[in-house]
Amino acid sequence: VQSVPLKVMISGAPASGKGTQCELIVKKFGLVHISTGDLLRFEVSAGTEIGLKAKEYMNAGRLVPDEIVTAMVTGRLSQKDAKEKGWLLDGYPRSLAQAQSLENMQIRPDIYIALDVPDDILIDRCVGRRLDPLTGKIYHIKNFPPENEEVKSRLVTRPDDTEEKARSRLQIYKQNVDAILSTYFSILKKLDGNRSKEVVFKEIESLLTQVQKEKSNQEALA
Ligand code: AP5
């Protein structure tokens with residue numbers, strides 16, 4: 001049976017491992033990865049109008065206004081590749097208003113994955129995170145050190161990854177999380193994100209494979 005495109009949302013507190021799991025999910029399932037954090041960081045580095053507006057919010061660890069982010073996400077979701085290959089939405093929705101915007105447009109995922117990680121571990125992951133600007137790969141000074149000196153020498157730290165800003169991001173996450181979860185309660189899968197990235201991925205892989213099978217079966221019956 002031809003597989004039908006999957007629609008996946010992945011959520012969790014700052015540094016819960018969304019981006020890390022998305023790298024693995026994309027490799028295995030070929031979905032189009034739409035990360036609002038990555039899209040916004042791209043706008044900031046390109047110095048666009050959106051980037052100039054978003055920068056002050058991001059660097060302060062606050063949410064960028066809904067209308068900016070929502071326009072960006074819905075624009076990306078409507079592109080051909082996302083429709084054909086399926087999508088993996090990371091970092092959106094992040095507020096009740098954002099969840100409602102998607103509901104109003106009848107954009108709903110097949111599954112909503114929430115990564116659960118204790119607060120003290122989240123802060124340690126934020127402060128130790130490093131990014132490779134060339135490949136986009138995510139590292140951690142202790143957990144996932146770079147493979148060689150060349151990569152190490154070009155790694156950068158995000159401006160919002162100080163302990164103080166990480167705490168502020170975590171607090172904003174906690175203020176919003178319940179309202180968002182209630183929107184996706186019927187398709188919610190909560191996972192323990194405080195395990196090795198391979199173990200977490202195994203669980204995600206089996207969930208997505210199962211959803212894919214169910215969708216293909218429904219399609220065959222229709
Ligand atoms: P965004 O980039 O989405 O940041 P975030 O949600 O805070 O998530 P992170 O990117 O910090 O973490 P992650 O969960 O992807 O973890 P990662 O895999 O990197 O957003 C940034 C900003 O943009 C926001 O603050 C806001 O201003 C703005 N924004 C974005 N979306 C918005 C929206 N919808 N509305 C309004 N504003 C928006 O992992 C973290 C670290 O842990 C890494 O070092 C990694 O190597 C390590 N690690 C990962 N998994 C494991 C593991 N299993 N074990 C040990 N270490 C691990």
Notebook entry, point to check: What number of residues within region 166-209 satisfy the criterion of being more than 10 Å from the ligand (Cβ to nearest atom) and part of a loop (DSSP other than H, G, I, E, B)?
Noted result: 1
Checklist line | Residue in region 145-154 that is at pLDDT 95 or above, surrounded by 15 or more Cβ atoms within 10 Å (Cβ to Cβ), in a helix (DSSP H, G or I) and in contact with a strand residue (DSSP E or B) (Cβ under 9 Å, 6 or more places away or on another chain) present | finding: yes
Checklist line | Elements of type strands (runs of 3 or more DSSP E) contained in region 1-116, each with 2 or more residues being closer than 21 Å to residue 177 by Cβ and more than 10 Å from the ligand (Cβ to nearest atom) | finding: 6-12, 111-116
Check: Looking at 90, 110, which is the one that is touching a residue at least 12 places away in the same chain (Cβ under 8 Å), within 24 Å of residue 162 (Cα to Cα) and not β-branched (Val, Ile, Thr)?
Finding: 90
Check: In region 13-24, which residues are surrounded by 22 or more Cβ atoms within 10 Å (Cβ to Cβ) and more than 19 Å from residue 123 (Cβ to Cβ)?
Finding: 21, 22
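The values are calculated or read from the model by the stated rules, or taken from the named source; none is laboratory data. These numbers come from a predicted model, not from an experiment. So basically every Cβ, Gly included, is an ideal-geometry build from the backbone, and we count neighbours across all protein chains shown.
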